[in-house]
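A short worksheet on the structure shown next.
The values are calculated or read from the model by the stated rules, or taken from the named source; none is laboratory data. If you're wondering where the values come from, they're calculated on a predicted model, not measured in any experiment. Backbone-built Cβ (ideal geometry, glycine too); neighbour counts: all protein chains shown. Just so you know, the surface numbers come from the protein's heavy atoms only, side chains and all, with ligands and any DNA or RNA stripped out. Shrake-Rupley method; radii C 1.70, N 1.55, O 1.52, S 1.80 Å.
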Amino acid sequence: MKQHFLTAFCAAAIMAAIGCQNTVNTVENADKHMTPNVIRDARFVTDGFLRDRLALTRIVTSQTADGLMQAQVEAINVRTGVWDQFWSSATNENPYKIRYKFTWFSGDGMAVETILSDWQDITVIPGETVYLRSVAPNKDCKDFKVSLREAQ
């Protein structure tokens, strides 16, 4: 009797975990017509858990109409499997919350602090692609750094 109850309970838990998946499906143009300015990046990772959960896929830069540099980081929440969903639901980490900030640098490498240098919050659903964007505070800014961390 106990074995049948345990088997039924396990089957119900697995079905609930599968049914509770909160992921994102996407569709897009396969024949791209855009020509983004994708830049190479250097990474310094201190949080392996965040790295394995949020994949940074590319960084793109361009100029605004006013001549300011703008940057966009494309990131995707790669925790989409059944067991990842089960673990995320059990630990209350679904959807996933992160914080990010852009630091802009002048042509001579000095950090340019503005009110936009504060941490920004974003929620990412499993499988979702998000775009973290920032515009340089002035025309002297030639480079940037993006910092990411888990939200508390």
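Selection over the stretch 48-62 of residues that are within 15 Å of the chain's Cα centre (by Cα) and either on the phi > 0 side of the Ramachandran plot or open to solvent by 40 Å² or more (accessible area, probe 1.4 Å) (or both) gives a count of 6. ASN94 satisfies every condition listed in (1) touching a strand residue (DSSP E or B) at 6+ places or on another chain (Cβ under 6 Å); (2) at pLDDT below 85; (3) open to solvent by less than 40 Å² (accessible area, probe 1.4 Å) except (1).
Regarding ALA65, is this residue of a type in the set (Gly, Ala, Ser), at pLDDT 75 or above, open to solvent by 80 Å² or more (accessible area, probe 1.4 Å) and over 21 Å from LYS145 (Cα atoms)? Spelling it out, ALA65 is indeed of a type in the set (Gly, Ala, Ser), at pLDDT 75 or above, open to solvent by 80 Å² or more (accessible area, probe 1.4 Å) and over 21 Å from LYS145 (Cα atoms). If you go through the stretch 115-145 and keep only what is closer than 17 Å to ARG79 by Cα and either in contact (Cβ under 8 Å) with a residue 60 or more places away in the chain or charged (D, E, K, R) (or both), you end up with VAL124, ILE125, PRO126, GLY127, GLU128, THR129. Of note, ILE39 satisfies the criterion of being of a type in the set (A, V, I, L, M, F, W, C), out of contact with any helix residue (DSSP H, G or I) (no Cβ under 6 Å at 6 or more places or on another chain), closer than 13 Å to VAL146 by Cβ and modelled with pLDDT under 90.
Restricted to the stretch 119-152, and to residues there that are at pLDDT 90 or above and not in a strand (DSSP E or B), the residue that is surrounded by the most Cβ atoms within 10 Å (Cβ to Cβ) is ALA136.
Filtering the stretch 72-91 to residues that are at pLDDT 85 or above and either out of contact with any Gly (no Cβ under 9 Å at 6 or more places or on another chain) or part of a loop (DSSP other than H, G, I, E, B) (or both) leaves GLN72, VAL73, GLU74, ALA75.
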